[in-house]
Structures are given as C-alpha cells and as structure tokens.
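Reading through the structure tokens given below for one structure.
Readers should treat all values here as calculations from the given coordinates under stated rules, not as data from a laboratory. Note that the structure is predicted; figures quoted are calculated from it, not measured. Cβ sites come from the backbone with ideal geometry, for glycine too, and all protein chains shown count toward neighbours.
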4 protein chains.
Amino acid sequence: MLIVMRPSATPAQVDAVVEKIRALGLTPHAIPGAQRVAIGITGNKGGLDPQLFEALQGVGEAIRVSQPFKLVSREVKPEDTVIDVGGAVLGGRAIAVMAGPCSVESREQLLAAAHAVKAAGARFLRGGAFKPRTSPYEFQGLGEAGLKLLAEAREQTGLKVVTEVMDPDDLPMVVEYADVVQLGARNMQNFSLLKRLGAIKKPVLLKRGPSATIREWLMAAEYVVAHGNYQVALCERGIRTFETATRNTLDLNAVPVLKALTHLPVVVDPSHGIGIRAHVPAMARAGIAAGADAIIVEVHPCPEKALSDGQQSLTPPEFEELMRQVRVIAGAIGRAIA
Amino acid sequence: MLIVMRPSATPAQVDAVVEKIRALGLTPHAIPGAQRVAIGITGNKGGLDPQLFEALQGVGEAIRVSQPFKLVSREVKPEDTVIDVGGAVLGGRAIAVMAGPCSVESREQLLAAAHAVKAAGARFLRGGAFKPRTSPYEFQGLGEAGLKLLAEAREQTGLKVVTEVMDPDDLPMVVEYADVVQLGARNMQNFSLLKRLGAIKKPVLLKRGPSATIREWLMAAEYVVAHGNYQVALCERGIRTFETATRNTLDLNAVPVLKALTHLPVVVDPSHGIGIRAHVPAMARAGIAAGADAIIVEVHPCPEKALSDGQQSLTPPEFEELMRQVRVIAGAIGRAIA
Amino acid sequence: MLIVMRPSATPAQVDAVVEKIRALGLTPHAIPGAQRVAIGITGNKGGLDPQLFEALQGVGEAIRVSQPFKLVSREVKPEDTVIDVGGAVLGGRAIAVMAGPCSVESREQLLAAAHAVKAAGARFLRGGAFKPRTSPYEFQGLGEAGLKLLAEAREQTGLKVVTEVMDPDDLPMVVEYADVVQLGARNMQNFSLLKRLGAIKKPVLLKRGPSATIREWLMAAEYVVAHGNYQVALCERGIRTFETATRNTLDLNAVPVLKALTHLPVVVDPSHGIGIRAHVPAMARAGIAAGADAIIVEVHPCPEKALSDGQQSLTPPEFEELMRQVRVIAGAIGRAIA
Amino acid sequence: MLIVMRPSATPAQVDAVVEKIRALGLTPHAIPGAQRVAIGITGNKGGLDPQLFEALQGVGEAIRVSQPFKLVSREVKPEDTVIDVGGAVLGGRAIAVMAGPCSVESREQLLAAAHAVKAAGARFLRGGAFKPRTSPYEFQGLGEAGLKLLAEAREQTGLKVVTEVMDPDDLPMVVEYADVVQLGARNMQNFSLLKRLGAIKKPVLLKRGPSATIREWLMAAEYVVAHGNYQVALCERGIRTFETATRNTLDLNAVPVLKALTHLPVVVDPSHGIGIRAHVPAMARAGIAAGADAIIVEVHPCPEKALSDGQQSLTPPEFEELMRQVRVIAGAIGRAIA
C-alpha cells in the first residue's frame, strides 16, 4: 500500500498518517517527492483497505502496490530518481560515463587512466581497491592505499570516485573515500552488507548477480532503500548462461524492463558484460540505445600489463573513440553525455 | 585449409587445384569472390601442408583455417556476404527491415499488415504459414493457403516474402512462394532439413536455437553452405536463460561476436527476443547500435486478436514510430535503412 | 475435459459420446484402458460444463483436466503405461536396460557390443544408424547398412533394437528395422516428425531437448499421442546449463516430477547426461534410485576407437559391473532389472 | 607444486622444506596426513622445477599440481578427508544425515523437530537463526535467541548443530553455539567471509552458489583451507537453470565429479534442490546412490505453518520413512547411515 499525500498536505498531516500506520502494527516509509510526499507501507500480510487512510486529512489517495518490491517501484514513485553526486548526475535526461581501470594497481597507472578518461569526457572514475577474485592466490587489491590513490586522482581531475566494498569492516573507510559505493555482483544478495549500505549517506551502485532475476535484483535494491538510503543505481553487468563465446551474457533486455518497473537509474557495464575488448564499444552503444542512464567502462593505460581483466579493458585511444560513438547514439535518442 | 587463388588465376588453374584436392581424398568447395576465387578444403583429419598447393599455378596462398566452421568463417572470406533478394539487400552497408504478422491468419489481416509495413519503409514481409507450436491443440498455420496470401501481398506491395519451412515435404512449395526461406529456432539442428536447404536456390534465414551456442549456430550455417547454398543470414532471436521477466533473453552480444567470426549477414529479432510489445523498440534500437544488418519485427493490424504472439506484436502506428527511431540510430552509426 | 466411461459402457455408448463431442465442434480422443474407456476432449477454448456429458448413458464422470497436456497426464490415466516390446517391457514394476554403441560403425563392432550387453543382462540394443552431428564434416552414420546390422544383431541375440530417426523420408525404413524408434534431443520440437511418429505402430523413445522444460517435453509427447500413438517413453539425457565440468547436466529432478505428472515410462541416459565414462555408473545408480523405469547406456567394445562419443562409452567389463550395481539398487527399492 | 615428504621424514626436515619455499618468495602450506606430511606451494606464477626440492632431505617427491585449486584437490591429498564432529562423522565410509527445520521459529517447534529427527536416526540438527531472505519484509530469523534454542536442543538430544552465518560480526557468536558453521549459497563467493571461516576452529559446510561452477566452488573451499581451516564439507543444493517445474535443479552430476577432484566430503540437500516435498525422498535416495557422504533435509513438525520453506519440508513421519529408504540405498552400495 502506498499513501500519496496531497501537494498541500502539512507535515503534521504526514505525521498523523505515519502514526496511524504504526498503530496498525505496520511500518511506514515516508518518501519525499518533488510535488508531494508519499508513504509506503510494508509489513502487511494481506491487502489493506484504502478506506483506512483515505479519510485522513491531507491524503490524496491510497494505492495498492502489486509488486513485492515497493519503495523502488514506479508504482510508488513514477518520476525518475536523479542522484546528484557533487554535480555529476546519475539518472534523468543526461547520460553519465564512468571509466577507469578494473583494479587500482599503482599511482602511475591510476593517474594515467584518470587523466585519460577525464580528457575523453567521463565524469566518474572507477577503480577497485578491494577485488573479489575467484582464487585466493590472485591479486586481492591494494586496500586503503588504493583508496588514497583514488582520492588523489579525484583531486587532480575532479572525477567522482566509484569503488567497491567487499567487507562490512571496510565500509566506513570506503564511504570516506568514495563518492559512489559499489556492491559487486557476487555480493548482490549479501543481505547483511545490503542493510549496512542502507545506513550510509553515499549513493550505491548495485551490480546484478550473475544469476539474479530482475525481480531478485530489485528486492536487493529494496533492502538498501528500506533501510534508509534512497540513492541506489542498478548496474547490469552480464548474466551467466550456457554461452561460452563471451565472458558473460550482457542482458540488455533488463534495461527497458527495469526502466518500466523502477524509478532508479540503470547503468550498463559492457566490459564485464561481454568481456572482449574489441566488442565493448558495440555493447556500450547498444546499452545506450536500449535506454541506459549510464555506462561503466574499463580503461587501462596498458591493458596487456593489467593485474586483472586486461582482456576486456580499453586503451585510452579506444575509449576516446568509444566516447565519440556513444555521444552520437545519445544524441540520436534525444539525450546527451553529461 | 583454404586455397586463395590469385586474381589473375584462370578457370583451368582453379580446376587443377580442385582436382588435386579430390586426388588427396578430400572435398573442395570453390567459393567465387569479387576479386578472386577461394577454395575451401574439408575432410582432412589433421592439418594439411600448404606446400602441397602453393606450388600449383594460379595459387596465391594456402591458409590454415583454425575454426571448425570453414566456409562461413571470415578467415576464409573476409568481405561481408551481401544477399540480393530481387533488389532488396541483406548484408553490407544498408540495414534491412523485415516486418509482418507472426502467423498469416486471413487475407484481410495479412494485406493490412503488408501495406502498413511497406508504407513505414520495410522491404521484407514476414509471416508464417506453417507454425511451430508447443501444443498440438494450438493454431498450426494456414499452410499453402497462407503462402498464396503472402504471394498476393508481395504482388500488391513489392515486399519480399520471408516465411518458415517446418517439414521437408513442404520445402518445394515454400521455395516456390518465398523469397527468403526461414528455418525456425527449434529446427536449428534439424540436420536433414539443413542439408536440404543447402540444395535450394533461395536465401535462408537461419534462426538461432534457444540453447545453441554461437559456434553450434555457425556449424548449422556451415551445413547449409557446405551443401551448396551460400546465401545464409543468421537471426538472433533470444536464448533461454533463468530469467523469466522476458520471454527469451535477446543476446545482442552475439552480434559483434558473429560479425567478427563470419561474413554472413546478422539479423536481430527483438519481438521474439524480449517478447513484450512495449520493449520491442528499445531492443530494435539496441540491435542496430550493436551492428546488426537487419531487424525482423512482428506487426499485426490488431495484436489483441492475433492467433499467436499478440503480446509481442506492434500495431502499425507503433511500427511507424519504431522505423523513425531505427532510422536515426542507423544514421548515427553511418548506415541507413535500405 | 476427460470423459470416463463406466466399466459396463457399451461400444455404442462410447460412440454416442464421441458423436456428441464432434457435434460441439470439438475433437474426441478415445483412450482404451484396462477397466474402462476414457475419452479426452481437446479444442475447447474455455472450460466445458460436465453436465453436457454426465447425462449421457454409460458415462461415469466428466473431469476437468487442468494441465495443457491432456492425454499423457496422470489426471487422465492414473495407471502407468506399460509398453510391451515383444516381451521386453518398458514401464511398470520392472526396470529395463538398453545398451549399445553410440553409432553403428561396423558389423564386428556392433555384434561384439550386442553380445556383450546381452550377456550382462540388457534387453534392448541401442545404436545409431543416422547420427545428428554438430559438424557437417563428421561421421553421419551408416544409414540403411547400419539398420541391417542392427537387425542381424537382434536375430543373433534376441535384443530389441532402439535406433534414431532424423529424416521423415527415412521413417518407413527405420520403422521396418527398429523395435523402438528414438527421436533425438535436437528434434524434440520437430513437430512435423512428431506428428509422423503419431502414425506409426512402433513405440517411440522421446529424448528431452537440451533446453526443453518438462512441460514442453510433455507437450511434445502429447503431439505423438494426440496423433494416435500411445506408446511413448520419455528419456532424460541432460539439459544445458552454465556448468562445463560435465557434458550436460543430467536432470534427475525430472524423474519424480514426470512420474507424478504422466503415466508414460521414464528412461534415464547417464551416458549423454554426464558425458564422462568414469561417472556414468554413479548417475545410472542415481537415476534408478530416483525412480526411473529404464536406463540407456553407451557401451563400445573399444571406446578409444569409437567414431562418436568414445569418451562416455563403457567397455563391456565396465558395463557388466554397472549391471551388478543397478541390480542392487533396483532391489533396494523393491524393483528388479527385467 | 606439492612436496610429499617421506613417511620417515623428521619435523626438522619438514621445517627445512618450508624455509626453502619461503626463501623463494612463495607460500608453504603444510598438510599433515595419516602416513606422511605434504606441503603445498602457492604463489608461483609459472611452473616450479621439482629439482629445487627433490634434493632436500626427507623429500619423497615434488609433484606439479595441474588444477587451480591446490589444497582441496585429490592430487594433493588422495585420501578422503574425514571430519569428526564430536563423534558424529562427515566423510569416509559412513553416511551422515542432517535434518531439522529451515528456520528456528520457536522453542516448541525446534525441540519437536530435534527429537523427531533424532529418533529417526539423524546425527546433526540443522536450523537457521540468521535467514537470508530475498525480501527485506520477510522473517529474518531469531538471531541469538535461535542459537540458544539450538544449543538447548543439542543438550537434550546430543545432535550436533549445523547453522548458518551471514554477517562477519555474528561469526564469533555462531562459532560459539554451532558444531558446524554453514555458509549459504548466496554467500559462496563472499570472499571476506570465506577468509574469516579459514580462521575458525569449527568445520564449515560450504553450500554451492546457485550459478557457481564446480571449479568456482572448489576455489571458494580453497579460500577457507588456504586460510587455515581444513575442515570443509561441500553441499550441493541445486543450481539455477531455465527449468521452472522445480525450485532449483539439484545437480547430482556434481557428486561423482567432486569425489574425483577433491578429498572433501560431499553433502546433498534434496530439500532446497528440488523444493517440492513429495519429491525430496527420491532425490535423497538418488544423492546417496550417486555417492554423497551426507544428506541434509528440512523437517518441520508442522510444515504448513512454517515461516519459511514449508512447501519443501517433510513431516516427522515422512522423514522417518525417508530414513528407512536411504538406509536401504546406503546398504546397497556398501555403506551405512552413521
């Protein structure tokens, strides 16, 4: 159930509705909107009677929400969520570009990548300081030293930093350095971490699990939002299928499906998605044509020396060419690279 | 092994190479090209020594082909195959649009669809007279009566007819009426039908099986080509994955992968691919942005009354709007809707 | 809708019900049972009113059938279908064993395999004369010569012959030689072949398509039964998943699910299912423990020289050991190898 | 590389090898065996020369390990790992049975379940105090109160407690109460938690991720072992495929594949695997026939009132009947329920 308050509703009227919900043993979630406040209700087993609320003062309407995800659904909030990251924007009309190396490997590598992607027009710098690796014997990331290099790159370039958290104990540190905190695909249903991300004040980039359905993914986002953090973007990065010619199967079908179901921004990661450098530009173009609000692309000054994911990282000149292509595609659908 | 003849090679020199191959107990496949003739060799167990052929007159070079698919590979024929269907073209710089109803249901329905898609700019009319249906109790198609209606629609509109064959016994009849013969996804590895399609003189649209890898799909195309028909186009129509929010998972990753591996034209079917009318345009745009040479789209004058696939068919006005969008995307990547 | 006639119903009463169904524009399917006749009705869009039929003489009850598959469902026929193949039995309490080489390669090879599997206790001889192969350049089977060898092996051993048909034109010939006609996994939704199999007088072994759901598989069986052939067995042979450590993923979950949904016998093919010789016995044991009515196992006198599937074929001594194991498992669940 | 010491090697000789490995900049992992000590080496990029070690005193042989997983591989340790949990044993000849409710819901529910499964012959009690749930609005488990109830049930019945940890912060508490700490499927690649499990002194039950390959799963186990905890059991609980007739696809193929690749015990979870109560016994039987070392089964005194997974939980009488069946199957393959 969602209670939509009238535009003219007073804070006291909102509070009265909230109290009423609590009195019924349910949980209210007040969601401030541009025009008016909405209040989501969760915790009910069966359907609720709209008349319980429609008689209260200031209430516009009480809507039954049919989806198991509530707060992230378009039913509850029809307008797009726009996340403002210190001037760089995720969601809405503009299209954002995030780029950088898979892992932060060294000061020289990171700064070279950062300046190159900045020059080509990216607004966000990606780079992992904590790396989820299949093998315990592979490079696990530089940790805090990596975060410091990301902060230095931000200072030099003005790029906003997107970086992954893997361990709850590292979260305060990652929040301190990052502008956007990424939750990796393998942790998409790490519910204890999702709850903690609901308590931070930074936007979250929630990658899709390799075998997560779109609905499970939205429920994972719902965890973050229900715990208080409304700034969530969803990142499609390829699902696991029987096909072995590509690293993953980038599921661009998810883009229009998500845009219809949720108000959250949708990001596409063509690098992990297809996993083959030569084909990253085609999938980046396709992602934007499908309606994505942002792309996130791996760029490395010297991919053949990368400690991780070199085979899917673009060189700076390749990234520059990709930026040219995505600008044209964005323009063709009436949008622009921010 | 592939023998590339010099541009100046004479027919007699080509014949001599062919004889030499036969004398070795192997099978030659002469492939005429714009500049020169190439001769594929199959039937060898291990690698062949290029010197066996390079001393013969007129031979430019003898190349080892590393892929299990030979004749359809770009190694063997680097230039794009362009299929000319009586003036409407598949492959090359232009992008073709195929559209029409899932099934031919009636004269009125088909002609309405045909005129509508023609007016909007399609060059090919799709429509099934023989329908593969999961249930024996569902509408199985009009059969020859449907083919006749397709021919009438062609006469009225000039559209080229794309229609499916299911049964080898029907093949001569389908070949008589169709301009392009479609082999459906469930028959992609119907090897006896593939061999027969190698003997016809009409182009073949080979749909990907729902769980076929890209390599298996290319091997299926190889069956047709190895049996003598070089006019094959590959149609991505969605693979089967765990995701249930969409009918299939349209695998656009296949588009750049195929364009690198094969010279055959690549077609994208967003209608079966995602299976949800509202999202067909997004996937059509994405398919073209990814590099497809054509799209094939379901259009029905009255989708809610369709005997099959109504939920994924566009209305004529929706198709007109889609054509506007794909024209813009095609232009953005330096191509044009033919 | 299913009409169950009383045990005492006369043929004339059955005919009257059939006529009534036809008069309603629907299709009757009379299904003779041990005790009484049942008549399936298909072709209705919505539900039918049982009272339309319950007043007719000889009618016991009229049951609504909830599944899209009708004639193969347990709702319609609760007792197991038992297929008697000249004394060797598929279905019911006994467990049948089918074994032999993947392909018929030579007289010597086939007879060696046949005598070996006979000696170890198999009742059915498997062997392909027509082979579906991913590549057009691989061994395609011996054709009619292979069928003749199978017939010779039958004469010598008394084993019943199970062999695959790929091409409708070959069906009369295959029916002549085979005791059980196999339809391969890739042809599971070759609807034109399914319809033809409905018209033959030999039992059909219907392999599951590598990405077919259990319901689609039952619908494929329904095609055969609805076209008149009630002797169908279902063979689980592995589905396609993301896992690459095994050739396919033998889906033993399908066994109890099928036994609940359908009265048809269920066969398990551990050889194609897991595709690794050393692990075939484990999966054969597990298949029987899960409730399968038969297993079909690849046995080759000399697997390392096999023209196809050598890596998953057992040697005769390995097969003998497997027979010992499955006898014990069968006994443990109160059944016996027939 | 694995260094196998002679049975007669002295501790000082082992130390000398360990030092030599460290001096090369690599990491030694001494693995005590029944007969002799083995020392795994990790951290090398390319292959190592066996001669570097074979000249050292007490060294039997130096073996190249071909798999990316080292310490969990059978190459490194051919004998089965047997985990002794206070007298109840996982691995080796005996087959263990774990049973209990999905979630600990109340004292009454848990004790009823515990006494019932104990009476039927189980040695381990399963029950979740921390529950991973797709939706933030569903029952999340009783937390420490649930752990205390598990401890009480252990006191009353002598059953060993298997329970899941989700959050690293809860790990010390879970370790205190549990006899075996379970890591759930969705956390299989939660690498920060895997590392922590390497530091505990309790056995770990590592569930397979729903889209994890067998190799990724073994690498996850390798994380735990490489961080110092050699007591790991692997639990197959169903993978995610396209099939929707079952909750998951229990992949019994994994059982023989794992038994060949690793020395760790293999557990099968038929309850989550197939997810349908009526079919759990068939899959439990099949799991044991395939070679599993244990099964873990959901049992609830009143499944229709369960707060989670009621549809797949057995009643106590159903579990008793299942125990009877699995005893027979175990006996048939020369093993016994412990």
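Relative contact order of chain D: what whole-number percent is it, with Cα pairs under 8 angstrom and at least 6 residues apart? Write down the numbers at each step before the final one.
Numbers: 733 pairs, mean separation 55.2, N = 338.
The normalised contact order for chain D reaches 16 percent.
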Theoretical FRET efficiency, 1/(1+(r/R0)^6), r = Cβ-Cβ of A:His115 and A:Gln57, R0 60 Å, to 0.05: 0.55
Isotropic mean projected area of the C-alpha convex hull, the stretch A:1-117 (nm²): 10.6
Net charge of Cβ neighbours under 12 Å - reference C:Ile288; Lys, Arg +1; Asp, Glu -1: +3
Viscosity 1.567 mPa s, temperature 4 °C, Stokes-Einstein D of the stretch A:108-208 from Kirkwood C-alpha radius, µm²/s: 93
Largest-first principal axis extents, alpha carbons of chain D, Å: 66, 44, 42
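Using the Cα centre as the reference, give the magnitude of the dipole from point charges on the C-beta atoms of the stretch A:211-268 (Lys, Arg: +1; Asp, Glu: -1; all else neutral), rounded to the nearest 20 debye. Provide the component values of the computation, followed by the final result.
Values: 5 positive and 5 negative charges, 15 e Å.
Dipole size: approximately 80 debye.
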Intensity falloff of the stretch A:193-233 expressed as log10 I(q)/I(0), Debye formula with alpha-carbon point scatterers, at q = 0.18, 0.32 Å⁻¹: -0.42, -1.10
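Of all DSSP beta bridges in the stretch D:1-154, what percent run antiparallel (nearest 5)?
Numbers: 16 of 19 bridges.
Close to 85 percent.
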Using θ = phi - 60° and Karplus 6.51 cos²θ - 1.76 cosθ + 1.60, couplings along the stretch D:325-338 (whole Hz; Gly, Pro as x): 5, 5, 4, 5, 5, 4, x, 5, 10, x, 10, 8, 5, 5
Cα-only Debye scattering, the stretch B:1-70: base-10 log of I(q)/I(0) at q = 0.18, 0.19 Å⁻¹: -0.59, -0.66
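Which percent of the Cα-Cα distances in the stretch B:179-338 go past 22 Å? It would help to have the intermediate numbers written out before the result.
Values: 5397 of 12720 pairs.
For the stretch B:179-338, the share of Cα pairs beyond 22 Å comes to 42 percent.
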With Cα atoms, 0 to 90° folded angle of helix A:280-290 axis to chain A main axis: 20
Point-charge dipole on Cβ atoms (K/R +1, D/E -1) for the stretch D:48-104, about Cα centre, debye to 20: 220
Rounded FRET efficiency, nearest 0.05, which uses the C-beta distance separating D:Arg324 from D:Ala30 and R0 of 30 Å: 0.10
Label-to-label distance, nm, for residues given as A:Arg93 and C:Lys45 (7 Å Cα→Cβ offset): 4.7
Rg/Rh (Cα only; Kirkwood hydrodynamic radius) as it applies to the stretch B:161-226: 0.94
Reference-scaled alpha-carbon Rg (2.2 N^0.38 Å with N residues) for the stretch B:35-96: 1.44
FRET efficiency, C:Glu138 to A:Lys201 (Cβ-Cβ, R0 60 Å, nearest 0.05): 0.45
Copies compared at D:Asp49 - label distances in nm, ascending, label defined 7 Å from Cα in the Cβ direction: 3.7, 8.7, 9.4
Rg over Rh, two decimals, the stretch A:66-144 (C-alpha only, Kirkwood Rh): 1.13
Alpha-carbon Rg/Rh ratio, for the protein assembly as shown, with Rh computed the Kirkwood way: 0.96
Residue-averaged 222 nm ellipticity for chain D, from DSSP H runs of 4+ at -39500 (n - 2.57), nearest 500: -10000 deg cm²/dmol
Alpha-carbon centroid distance for the pair the stretch A:87-164 / the stretch A:268-330, whole angstrom: 14
21 Å Cα-Cα reach of A:Lys118 towards lysines, excluding residues that sit fewer than 8 places from it in its own chain: A:Lys148, A:Lys160
Dipole of the stretch B:85-141 [Lys/Arg +1, Asp/Glu -1 at C-beta], most positive-end residue of B:Gly87, B:Ala112, B:Leu125: B:Gly87
Once the Cα gyration tensor of the stretch C:229-284 is diagonalised, semi-axes √(5λ) in Å: 23, 12, 9
Shielding score for A:163-169, defined as the mean number of other chain Cβ atoms within 10 Å: 3
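Dipole magnitude of chain C about its Cα centre, charges +1 at Lys/Arg Cβ and -1 at Asp/Glu Cβ only, in debye to the nearest 20? Don't skip to the end; give the middle numbers.
Values: 37 positive and 34 negative charges, 101 e Å.
Using Cβ point charges on Lys, Arg, Asp and Glu, chain C gives about 480 debye.
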Proximal lysines relative to B:Lys259, as straight alpha-carbon distance under 21 Å, when same-chain residues fewer than 8 apart are discounted: B:Lys70, B:Lys77, B:Lys207
Descending semi-axes in Å of the stretch B:276-319, equivalent ellipsoid built from Cα gyration tensor: 21, 9, 9
